[in-house]
Each structure stands twice: as C-alpha cells, then as structure tokens.
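A short reminder: the numbers here are calculations on the coordinates, not readings from a lab. Since the structure is predicted, the reported quantities are computational estimates derived from the model, not experimental observations. Please note: Cβ atoms are built from the backbone with ideal geometry, for glycine as well, and neighbour counts cover all protein chains shown.
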C-alpha cells in the first residue's frame, strides 16, 4: 500500500466505485504536482529565478543540442498558458514572477559566447545553478551554424512572448 495519502484515497474510491466523479480532479492534481516539481528544479536557485536547461546526456548535447534548446522556450509558453487554467481549477499555477524574470533576463543578456549564443538566459553556467543541476556549458553550439542560431532565437522569442500576458498593466 502506498504511503501517499492521495494515492490511498484514490485506491479507496476505486474500490468503492466513486472514481468516475473524481478521476479528472485527481488527474489535474497529479499534473499540477508534477509540473510544480519540474519547474522548481529547472529555474535557477538564486534570484532572479531564471529558467535553465535540464541536465542531459553528453551525446544529446552534441547531436541534438539545437532541438533541445528550442524546448526551453516552448516550456515557457506552456507554463504561461497553463497558469490561469490551473488557478481556475483551484490548483497551484506556475509562478508568473519566474516567467517574467526569465523573459526580462533573456532580453538583458544578448546572445554571445558567454551564454552559448543565446542558450543560457542569464549567463550563469555553473553546474549547480538549479536544484536539478545543468550541463548547458557542455553544449557544443558555437553560434556559427544556421540551426543553432535559429533554435536559440526561437526559444528566446517564445520565452519573451510567454511573459507578455503576465506583465501587469
């Protein structure tokens, strides 16, 4: 039997035939919890909490780095989109201040050699910048290839656009 109270309650409701009414609620709670845990681990520890790449294998940084770089911007869009919907359901939304801080930081740090030509949005490259760690500094993107240039710029555009509806006024 699970030690998790939510899982135990769901198990009891499954056995009692009550799950049809609450399955969607549990799914949203689970999704919200997973999202909160993931986003906590990807945003920098120090203020401002700026989004970083998750650690990945060294092979991926060489072979798929440009594809991976786009993911951070896409994640920002989804976090901004999910926030109001989660809040309306009574669940904990992603912190809009982290999304805004990430957008402001990427605008303040132009692509250059120090930030892997736009991959790192706050110029912090140490391995322990997030609770999950990072290996952004190991990416081979040199800024001179069309795909790297396009990928990092697309991610930066997504990140900046994600914050627009969240900025007060």
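Between 0 and 90 degrees, the angle of helix 5-16 with respect to the longest Cα principal axis of the chain falls at about 40 degrees.
For residue 108 and residue 6, what is the calculated FRET efficiency with R₀ set at 45 Å and r taken between the beta-carbons, to the nearest 0.05?
Working: r = 41 Å, r/R0 = 0.90.
Step by step, r from the Cβ atoms, then E = 0.65.
Between the helical axis of 19-42 and the longest alpha-carbon principal axis of the chain there is an angle of about 30 degrees. The angle between the Cα long axis of helix 96-108 and the longest principal axis of the Cα atoms of the chain comes to about 10 degrees, rounded to the nearest 10.
What's the whole-number percent of alpha carbon pairs in the range 5-166 lying beyond 18 angstrom? Working shown, then result.
Numbers: 7966 of 13041 pairs.
Result: 61 percent of Cα pairs exceed 18 Å.
Taking each DSSP H run with n ≥ 4 as -39500 (n - 2.57) and averaging over every residue of the chain yields -19000 deg cm²/dmol at 222 nm. Once you've got the GNM for the chain with C-alpha springs shorter than 10 Å, pick whichever of 53, 98, 13 has the biggest mean-square fluctuation. Evaluated over the chain, the most mobile residue of the options is 13.
Quote the relative contact order of the chain in percent (integer), defining contacts as alpha-carbon pairs under 8 Å separated by 6+ residues.
On the way: 222 pairs, mean separation 48.6, N = 169.
Relative contact order of the chain: 29 percent.
For the range 86-128, what does the equivalent ellipsoid look like in terms of its semi-axes, each the square root of 5 times an eigenvalue of the Cα gyration tensor, given largest first in whole Å? The partial results should precede the final answer.
Working: eigenvalues 163, 26, 9 Å².
Calculated on Cα positions only, the semi-axes equal 29, 11, 7 Å.
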